[in-house]
Amino acid sequence: MTIQVPPVGFVSAGTLEEAARLVSDPDDRAVLIAGGTDLVPKLKRHQAAPITLVSLANIEAMHGIAITDDGACVIGALTTLSEIASSPDVPTMLASAAATVASPQIRNSATIGGNLCVDTRCNYIDMPLTWRQARGHCLKDGGDTCWVAPASDRCWAISSTDLAPVVIALNASVRLVSSRGERVVTADSLYRSDGINYLTKTSDEILVDVTIPATTARTSFQKLRRRGSIDFALLSVACAVDVDSEGRCDTARIVVGGIASAPVSATDAEEFLVGKQLTPEVIDEASEIASKPVRAQDNTDTGQRYRKWMISVHVAKALTEAATERV
Amino acid sequence: MHAVGTAGPRIDGMEQTMGRTKYTDDMTLPGMLIGRLARSTQAHARIISIDTSAAEALDGVKAVLVGTDLPITYGILPVSQDETALAVGKVRHVGEPIAAVAAIDAETAERAVDLIKATYEPLDTVASIDGALLEDRDLIHGEGKGLNVHRTAALEFGDVDEGLASADHIREDVFYFAGNTHAALELHAALATAEPGGRVTLWSSTQVPHYVHRTLAKVLEMPAGQIRVVAAPVGGGFGGKTDPFSHEIVAAKLAMVTGRPVKFTLTREEVFYAHRGRHPVLMWVKTGFDTEGRITACHFKTFLEGGAFGSYGAASLYYTGALQTSTYQIPNYRFEGVRVFTNKPPCGPKRGHGTPQPRFALECQLDKAAEDLGIDPVAIRLINAVEPNSMTVNHLRITSCALSECIERVAEASGFKEKFENLPAGKGVGIAVGAYMCGAGLPIYFNEMPQSEVQIKVDRGGGVTVFSMATDIGQGSTTMLATVVAEVLGLEPSDIAMVTADTDLTPVDLGSYSSRVTFMGGNAALEAGTAVKDRVFAAVADKLGAPIESLVAQNGRIEDAEEPDTGVSWAEAVALAIASGGPLIESGSYRAPKLAGPYKGAGVGISPAYSYSAAVVEVDCDPDTGIVTVDKVWLAHDIGQSINPLLVEGQIEGGVYMGLGEALFEADDFRGALHRGPSLLDYKMPTSLDMPPVEAILIDSDDPEGPFGAKEVGQGPLLPVIPAVANAIWNALGIRMDQTPFTPDKIVAALRDVARGKPGRFGPKEVPAFEFPPLIMVEPPEGFPTGRIHIEVGVS
Ligand SMILES: Cc1cc2nc3c(=O)[nH]c(=O)nc-3n(C[C@H](O)[C@H](O)[C@H](O)COP(=O)(O)OP(=O)(O)OC[C@H]3O[C@@H](n4cnc5c(N)ncnc54)[C@H](O)[C@@H]3O)c2cc1C
């Protein structure tokens, strides 16, 4: 049997204002849905039980890509990953990262807004109901223990958005709208390292668009996954480096996804790189520095040791590719 | 031959491609109820109580069953009648069905299942081979504590100690093959009705309607004649639909209880729990070689983790020892094996049934021996290759055999030798071979009846209908049967109407397992078709006044080969035959020759013929990430004769696909006794986008007993793929992957060992100290090994 979505109400909002109103009262248990590629499987597995789904799909104003006068790229939250992957207007790193998300079919419905808000994942929670009953419900699932780290009082589910590291590395900001008003925050500050409350935005806030400022940075996105065709990242790395005319690093951004409950900025490595030539030795050292503070948990595919090893490997790959990128 | 050997579409290809085929889950009947199973959340526990009252009280629920409603035990093998449709007394794995409901719709059924409350008293959980071999654990089958051993085997052919003593080089290796599953696209489903008069009909997604029929008769305590089992079109089986299943029996019982049709379709998670997939096998192999690489003796030990029930396990155990000798001349051979029970979903047969695991071990060890001895991997296989018309030391009769040609052709097509020496670091090629049976020599339950029967009825207008219980599970058996009959009668496959897989309408065929249908069903169809042809020819000869010997069936006509103009159309010929001899209904059957050697366990591995394959895999490995990309696979297969080369190539590609999945991605991993990810996101099957190009090379060895010389292709081509990948990784990176699947973390771990001066190998180091029973000593067949034995061949 294809598992059914449990009964749930469905409203398609025609305007942003209407959508904002529909999700304004937490007691209504109304949840936003865009492409549904993350939310629908979770509903089927009884990981969430909203009363109403508020679809954003018909809000015309939230679709599409525009370039502003100062060269910034503004992407509507409902723009699909297929559109982004094939767009000549978005930064190359964003297009190439979007092309690695899930599978072609999923990318046709998946949106960038949904991607940036995608739920954290863990292989104790993203399981069918019988399985969770057999194992015992974990912290994120209404239980009182995180099975990944039973001694800890928080949830260690993993941030699984591939586009968040990219937009953070590109210093993007996101616009959030609710019936209470509008605010713009840096993409970086959207995330919180907690597997349950992984976003700093409130549940009534709608992510309307993403603005990526014009940049001259050299960039690279690297993703590790089991199957090149469909899988979530075991690790992703986005890096953006600005080099001066001498080839020295002016600024560097290195953001690691898929390894902790929020994207991790490798600030020590970023600082280390400033003023240095991106030689293989420097890259090796920077990638070691980047991997040092990060711990991998036993909550996804492949072993922890391996994923820890892979951080420096992928940071090095990213920096090497960025260093040689033609801009 | 006009039909046989011609590449053409499946006769049911159009409706499948257009989505018109009605699989079991697509069927609905008036008043139909939806059934769901409640499943155990415990790995091993005594059932204290199951409270179904709330479920029964729920509006829309029509019936609820528990274990005591269906207490009779069953199991696919007569020696392992250890299952009940719903758990009785205790549960043995997470996901075992404990109760069933039938309700007016899926939502109500689902809610009713949630309302069923079971209480348990936990027992020791046994979750590994080592754990099963401890003496102080609760028994999974039986009372009290002890070793959870299901079955053992210990056989010796020739003199292994002497063979090893005479060897110039001896290798001892340990391997582990991870368990994995079939993951057929179609989820298991069954729909049952019960007529007021008592007759029960079950449509099911099964590979074996005959065995399901027998099981229903036993468990429902009904005469078989009151039960009809129909295998609806099956959306993939691979061995996963070869056991009788809980939901099939429960659907029938619920239909009887409610008087309404009841349909079950399992969820993907439930299919992982129903399982019957590849056994995890730990192996220890000691082989002696002379200086040229010739095998002098081989000692093989296997430890199979069987999961919670017997299933096919008694056979699977012997299969881990039976076919090593079918590819290489092993003059002295010892096999010791043990299958243990654990509290996990039951293992069973998956494509290659019990043989891919030892094949992996043997082919990897041979590669290492070649390396030790400075021989190339092609040469060591050729020097040991089995020859046509020979006997193996364990009494397998080999007739047609193009193994050497497979090796040579695949090496040549892939440029193996050139690449083996010269590819840059990170890239590599590997080679391996395999062989598989064309049908198990014996039926699953002892009987003297034919293994396949086919009936043909010809309509007065010339329409030909073929009746056979052979079950098309996607492999194309229906098209194969139509092609065989069309060939005999001078018609086209698309002219033939096929009625298959229905116990009321079709004569018995044992089912789609052990690659038996082309060889056995095909021969039965050939015999039935020939009987029809003989009658038609007799009538036409009479009419034309021509000798029967000069008649030919071609282009929809029966013609005198000498004077084609004088012939008659097929329809006229049929009318003549019916006028002279009455209804034109004929039948044919197939019974394998008696092949079993003189020892217990000899029934496993014997077959009227063996297919052979050799594969070369080329890989590109990233030493930093451990990710292995397969660039291309070449696979040469000794098919005997292709009935339809397009379908043969399809099976080869499917076998390569499945082999690559098992080599690089797929494993049933557990946390304790709990599956780590019973979903297709967590269970890493490759997708179409992960598939490299495959070059299939078909080799015709014209089997003396196969229909038109044909042999199997459904299972054999998978076998060499897995070790060929391991051997290619060795060639690329200089590390030995002695454990499947070859995931990037294992590869990086082995490479890091190399960097620290340790051997570059990933795999188990030892096997448990288990005392096998005393060896049964078996004399090699007469004349072995010096004189090659000539085989009297001829269809039985
Ligand atoms: C098999 C599979 C593989 C996948 N692989 C990847 C992968 O490799 N990388 C990856 O990053 N993701 C992956 N995903 C997750 C998901 O498909 C993508 O992240 C996708 O971009 C989510 O977008 P969506 O529009 O479908 O989100 P939805 O499912 O519609 O929503 C996701 C969440 O975001 C919220 N939301 C959606 N839009 C907004 C908005 N505008 N404002 C506020 N909240 C909003 C929803 O309420 C929901 O909580 C995979 C999913 C599957 C099923």
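Would you mind listing the strands (runs of 3 or more DSSP E) fully within the range B:440-516 where at least 3 residues are closer than 15 Å to B:Glu527 by Cβ?
Because the criterion is at least 3 residues that are closer than 15 Å to B:Glu527 by Cβ, the strands (runs of 3 or more DSSP E) in the range B:440-516 that meet it are B:452-458, B:464-468.
Pairs please, first residue from the range B:679-700 and within 14 Å of chain A (Cβ to nearest Cβ), second anywhere and assigned to a helix (DSSP H, G or I) and of a type in the set (Gly, Ala, Ser), Cβ atoms under 8 Å, 6+ apart in sequence or on different chains.
B:Lys684/B:Gly661; B:Met685/B:Gly661; B:Pro686/B:Gly661
Please go through (1) outside the structural domain of A:Leu176 (by TED's automatic domain parsing); (2) of a type in the set (D, E, K, R); (3) assigned to a loop (DSSP other than H, G, I, E, B); (4) within 10 Å of the ligand (Cβ to nearest atom) for A:Lys201 and return the number of the only condition it doesn't satisfy.
The failed condition is (1).
Given the condition closer than 18 Å to A:Ile33 by Cβ, more than 14 Å from chain B (Cβ to nearest Cβ) and in a helix (DSSP H, G or I), answer yes or no: does some residue in the range A:83-106 qualify?
Taking every residue of the range A:83-106 in turn, none turns out to be closer than 18 Å to A:Ile33 by Cβ, more than 14 Å from chain B (Cβ to nearest Cβ) and in a helix (DSSP H, G or I).
So is B:Ala769 closer than 30 Å to B:Lys684 by Cα and either in the same structural domain as B:Lys301 (by TED's automatic domain parsing) or at pLDDT 95 or above (or both) or not?
no
Test each condition in (1) crowded, with 21+ Cβ neighbours inside 10 Å; (2) away from chain A (no Cβ under 12 Å) for B:Pro759 and report the one that comes out false.
That leaves (1) as the condition not met.
When you go through (1) within 16 Å of the ligand (Cβ to nearest atom); (2) outside any strand (DSSP E or B); (3) not assigned by TED's automatic domain parsing to the domain that holds A:Ala290 one by one for A:Ser193, which number turns out not to apply?
For A:Ser193, the exception is condition (1).
Which residue out of A:Asn108, A:Asn123 is farther than 23 Å from B:Gly677 by Cβ, open to solvent by 10 Å² or more (accessible area, probe 1.4 Å), within 16 Å of the ligand (Cβ to nearest atom) and not assigned by TED's automatic domain parsing to the domain that holds A:Arg225?
A:Asn108
Please verify whether B:Val552 is farther than 30 Å from B:Pro356 by Cα, out of contact with any helix residue (DSSP H, G or I) (no Cβ under 8 Å at 6 or more places or on another chain) and in contact (Cβ under 8 Å) with a residue 12 or more places away in the chain, treating the condition exactly as stated.
In short, yes.
I'd like the full set of residues that are in a strand (DSSP E or B) and within 14 Å of the ligand (Cβ to nearest atom), limited to the range A:42-73.
Residues satisfying the conditions are A:Thr52, A:Leu53, A:Val54, A:Ser55.
Could you check the range B:16-44 and list, in sequence order, the residues that are more than 11 Å from chain A (Cβ to nearest Cβ), farther than 25 Å from B:Pro261 by Cα and modelled with pLDDT of 95 or more?
Passing the criteria: B:Met18, B:His44.
Considering only the range B:1-32, how many residues are basic (Lys, Arg) and loosely packed, with under 15 Cβ neighbours inside 10 Å?
2
Collect the residues in the range B:33-62 that are open to solvent by 10 Å² or more (accessible area, probe 1.4 Å) and either in contact with a helix residue (DSSP H, G or I) (Cβ under 6 Å, 6 or more places away or on another chain) or not assigned by TED's automatic domain parsing to the domain that holds B:Ala251 (or both), keeping them in residue-number order.
Answer for the range B:33-62, where residues must be open to solvent by 10 Å² or more (accessible area, probe 1.4 Å) and either in contact with a helix residue (DSSP H, G or I) (Cβ under 6 Å, 6 or more places away or on another chain) or not assigned by TED's automatic domain parsing to the domain that holds B:Ala251 (or both): B:Ile34, B:Arg36, B:Arg39, B:Thr41, B:Ala54, B:Leu58, B:Gly60, B:Val61, B:Lys62.
Assess whether B:Leu147 counts as being in contact with a helix residue (DSSP H, G or I) (Cβ under 9 Å, 6 or more places away or on another chain), hydrophobic (A, V, I, L, M, F, W, C), more than 30 Å from B:Ala54 (Cα to Cα) and not assigned by TED's automatic domain parsing to the domain that holds B:Gly306.
yes
Among the numbered criteria (1) closer than 30 Å to B:Leu185 by Cα; (2) away from every other protein chain (no Cβ under 14 Å); (3) of a type in the set (Val, Ile, Thr), which one does A:Thr37 miss?
Of everything listed in (1) closer than 30 Å to B:Leu185 by Cα; (2) away from every other protein chain (no Cβ under 14 Å); (3) of a type in the set (Val, Ile, Thr), A:Thr37 misses just condition (2).
Residues that are within 14 Å of chain B (Cβ to nearest Cβ), surrounded by fewer than 23 Cβ atoms within 10 Å (Cβ to Cβ) and among the small types (Gly, Ala, Ser): does the range A:171-181 have at least one?
Among the residues of the range A:171-181, not one is within 14 Å of chain B (Cβ to nearest Cβ), surrounded by fewer than 23 Cβ atoms within 10 Å (Cβ to Cβ) and among the small types (Gly, Ala, Ser), which makes the answer no.
Return the pairs, sorted by first residue and then second, in which the second residue is assigned to a strand (DSSP E or B) and modelled with pLDDT under 95, the first residue lies in the range B:279-296 and is within 17 Å of B:Tyr333 (Cβ to Cβ) and open to solvent by 30 Å² or more (accessible area, probe 1.4 Å), the beta carbons are less than 7 Å apart, and the residues are 6+ apart or on different chains.
Note: no pairs meet the criteria.
Exactly one of (1) open to solvent by less than 40 Å² (accessible area, probe 1.4 Å); (2) closer than 23 Å to A:Cys117 by Cα; (3) away from chain B (no Cβ under 14 Å) is unmet by A:Arg253. Its number?
Going through the list (1) open to solvent by less than 40 Å² (accessible area, probe 1.4 Å); (2) closer than 23 Å to A:Cys117 by Cα; (3) away from chain B (no Cβ under 14 Å), A:Arg253 breaks only (1).
Out of (1) within 14 Å of the ligand (Cβ to nearest atom); (2) farther than 30 Å from A:Glu325 by Cα, the odd one out for A:Ile84 is which?
For A:Ile84, the failing item is (2).
Being over 29 Å from the mean Cα position of the chain (by Cα), open to solvent by 50 Å² or more (accessible area, probe 1.4 Å), of a type outside the set (Lys, Arg) and closer than 30 Å to B:Ser468 by Cβ is the filter here; which residues of the range B:159-213 pass it?
Those that are over 29 Å from the mean Cα position of the chain (by Cα), open to solvent by 50 Å² or more (accessible area, probe 1.4 Å), of a type outside the set (Lys, Arg) and closer than 30 Å to B:Ser468 by Cβ: B:Glu195, B:Gly197.
Are any of the residues in the range A:206-227 within 15 Å of the ligand (Cβ to nearest atom) and assigned to a helix (DSSP H, G or I)?
No: the range A:206-227 contains no residue that is within 15 Å of the ligand (Cβ to nearest atom) and assigned to a helix (DSSP H, G or I).
Could you count how many residues in the range B:61-102 are of a type in the set (D, E, K, R) and either within 25 Å of the chain's Cα centre (by Cα) or assigned to a loop (DSSP other than H, G, I, E, B) (or both)?
4
Given B:Gly709, B:Gly672, B:Gly655, which one is closer than 21 Å to B:Lys746 by Cα and either open to solvent by 10 Å² or more (accessible area, probe 1.4 Å) or not aliphatic (A, V, I, L, M) (or both)?
Within the list B:Gly709, B:Gly672, B:Gly655, the selection yields B:Gly672.
The values are calculated or read from the model by the stated rules, or taken from the named source; none is laboratory data. Keep in mind it's a predicted model, so treat the numbers as computed, not measured. So basically every Cβ, Gly included, is an ideal-geometry build from the backbone, and we count neighbours across all protein chains shown. Only protein heavy atoms, including side chains, enter the accessible area calculation; ligands, DNA and RNA are left aside. Shrake-Rupley method; radii C 1.70, N 1.55, O 1.52, S 1.80 Å.
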